[in-house]
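Quick one: structure below, then a few questions.
The values are calculated or read from the model by the stated rules, or taken from the named source; none is laboratory data. Since this is a predicted model, take the numbers as computed values, not measurements. Every residue, glycine as well, gets a Cβ built from its backbone with ideal geometry; the counts of neighbours run over all protein chains shown.
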Amino acid sequence: MSAATAAASDVEDVKVEEKPPFKNTEPMAYAMGDIGNGFYFQLVTNYALIYMTDALGINPAIAGVIIFVGKLISAFTDFGVGVWSDNAPLREDGRYHWFVRTLRYPLMAVIILTFLPFVSSWPMWLRITYITVIYILGVACYSATSAPYGSFASVSTPVVKHRDAMASGRGFGSTAGGIIVTAVLPLVMYTTVKDASGNDKQVLNGPALIWVAIVFAILLWICYQITLKGTVERIRVEKSKDERVPPLKSIKYMFTNRAMVALMLAALLLIFAQMFAGAVNTYLYKDYFNNTTALSILAFQNVPVLIVAPFAPAICDKFGKKTVCGSLLVLTTVVYVVMFFMHITNPYVFVGMSVLAMFGNGVFGLMVWSFITDIIDDIQVKTHTREDGTVYTGYMFARKIGQALSGLLPAVVLAATGYVTATAGETVTQSAATLDNIYGVATLAPAIGNGLIAVILLVFYPLSGKVSKENAKILEARREKGEM
């Protein structure tokens, strides 16, 4: 295949390289990067709160504020890194690969520093100070790699079906990484002890986290290495320093684009629903069901999503992403509402219902990255400017707001219901009222979140499959003329 190179203007040189040809292995290589992301993200998402409350003995309200502040800060660091990467010089392997290749090392260090076992013996004020600083540093380091990594899909190829394959690959990696982490951790993170009444009680094994963190840091490096070796940046836009798009102008592009605003709202609610349920599920299975083995099995709730992953791009291409994902999210909402009213007491019945409930949410999570590439094209059609990293991190900004809320609100709920914290190895029996509230939150909050996402996609999101294909044709015609 040939390479097309043309000057789009006096200040921009647009180079679309079609060599080397796109390989079928690239989506899976890209997926490995999100599996690597999961070794930090899933660990911190699912265990930072319970580590702070049950290993360090920090009040859940204080722990929630720490997570909220950290995630709020990361929303801005994500956007900052996105602008930085968009304006970075082109290197031999492109613009975005350098960030992942270089900045993964600080992230590896922070994973280990987050779970140092001897911190639990420090005075309480020092524990709080230390974990606050490390948590904020961790989310910033995660931004430095995950934000540029997100741009790989949109700059890998100008061909829509290949970009959809890359987006589906990333969704597969995110889902598979979540299954790996959440299936393994409950088996090693808890130990069974006797409470004051002589009954078996499962408690967090805080010291085990350091070994998990070391292994995960190594696995993160390996996954990123596979992604770096197996993906190619084919779309490259070289800009003069004087004519780069100012950050404020990039923000204006995003917040005046209806599709972008709708997806940002959907992203906020998606991550809120997922992380809120994930954080509360840790307590639900530990305290309400007293069965963390079932929590490990719950990790496989997204296996059906992995099974349909190879077919999802074709299905969405035929019926439209917004229609397919919106309809499945309605199903997710209905199932969660049924679970709320059933008040299930058998953990394995709850797991079975959760598998059905998470299908719609999982398919949307699988295809959401393809929504982003459609929006990047839509903005380019309207503005003749391509800002992959900035648009991606605008989306990530909304996700991080959702993460911040999902880190704060579960902790606030726990504190309000009288949840009693513990230091490593202690046994605490929660009140019946606390347990009932945990169950209610674990089912009703995802129902509300997923229901709102369905409304946003089906009613407010404007980019149907037909519009996205028309945009792709417009941009293809422009590229043939050497235009943006």
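Please indicate, with yes or no, whether at least one residue in region 270-289 is modelled with pLDDT under 85 and touching a strand residue (DSSP E or B) at 6+ places or on another chain (Cβ under 8 Å).
Scanning region 270-289 turns up at least one residue that is modelled with pLDDT under 85 and touching a strand residue (DSSP E or B) at 6+ places or on another chain (Cβ under 8 Å).
Looking at region 106-115, can you tell me whether even one residue there is without any contact (Cβ under 8 Å) to a residue 60 or more places away in the chain and more than 28 Å from residue 186 (Cβ to Cβ)?
Taking every residue of region 106-115 in turn, at least one turns out to be without any contact (Cβ under 8 Å) to a residue 60 or more places away in the chain and more than 28 Å from residue 186 (Cβ to Cβ).
Right, another one. Can you find, within region 430-484, the residue that is nearest to residue 412 (Cα to Cα) among those that are outside any helix (DSSP H, G or I) and modelled with pLDDT of 80 or more?
Looking only at region 430-484, we keep the residues that are outside any helix (DSSP H, G or I), and these are 430-431, 461-464, 481-484.
The next check asks that each one be modelled with pLDDT of 80 or more; those that pass are 461-464.
Working: 461: 32, 462: 36, 463: 37, 464: 39 Å.
Here the answer is 461.
When residues of region 84-102 are filtered for being buried (at least 21 other Cβ atoms within 10 Å of the Cβ), in a helix (DSSP H, G or I) and either modelled with pLDDT of 80 or more or not charged (D, E, K, R) (or both), how many remain?
4
Ok, one more. Name the helices (runs of 4 or more DSSP H) wholly inside region 301-348 in which the number of residues that are modelled with pLDDT of 90 or more and farther than 24 Å from residue 459 by Cβ is 2 or more.
Details: elements: 303-308, 312-319, 321-342.
The helices (runs of 4 or more DSSP H) meeting that bar are 321-342.
Right, next: Looking only at residues in region 125-146 that are free of Cβ contacts under 8 Å to residues at least 12 places away in the same chain and β-branched (Val, Ile, Thr), which one is farthest from residue 404 (Cα to Cα)?
Looking only at region 125-146, we keep the residues that are free of Cβ contacts under 8 Å to residues at least 12 places away in the same chain, and these are 125-126, 129-130, 133.
Restricting the remaining residues to those that are β-branched (Val, Ile, Thr) gives 129, 133.
Values: 129: 19, 133: 16 Å.
Only one residue fits best here, namely 129.
Scanning region 43-71 for residues that are among the hydroxyl-bearing types (Ser, Thr, Tyr) and over 17 Å from the mean Cα position of the chain (by Cα), which turns out surrounded by the fewest Cβ atoms within 10 Å (Cβ to Cβ)?
Start the filter on region 43-71 by keeping residues that are among the hydroxyl-bearing types (Ser, Thr, Tyr), which leaves 45, 47, 51, 53.
With the extra rule that they be over 17 Å from the mean Cα position of the chain (by Cα), the set shrinks to 51, 53.
Numbers: 51: 24, 53: 26.
Per the stated criteria, the residue is 51.
Which pairs turn up if I take residues in region 213-232 that are of a type in the set (A, V, I, L, M) and look for partners that are crowded, with 16+ Cβ neighbours inside 10 Å and outside any helix (DSSP H, G or I) with beta carbon separation below 6 Å, at least 6 apart in sequence or on another chain?
What qualifies is 213/115.
Has region 352-360 got any residue that is under 18 Å from the mean Cα position of the chain (by Cα), hydrophobic (A, V, I, L, M, F, W, C) and part of a helix (DSSP H, G or I)? It would help to see each step written out before you state the result.
Taking region 352-360 and keeping what is under 18 Å from the mean Cα position of the chain (by Cα), we get 358-360.
Subsequent filtering for residues that are hydrophobic (A, V, I, L, M, F, W, C) retains 358-359.
Retained after the next criterion (residues that are part of a helix (DSSP H, G or I)): 358-359.
Yes, the conditions are met somewhere in region 352-360.
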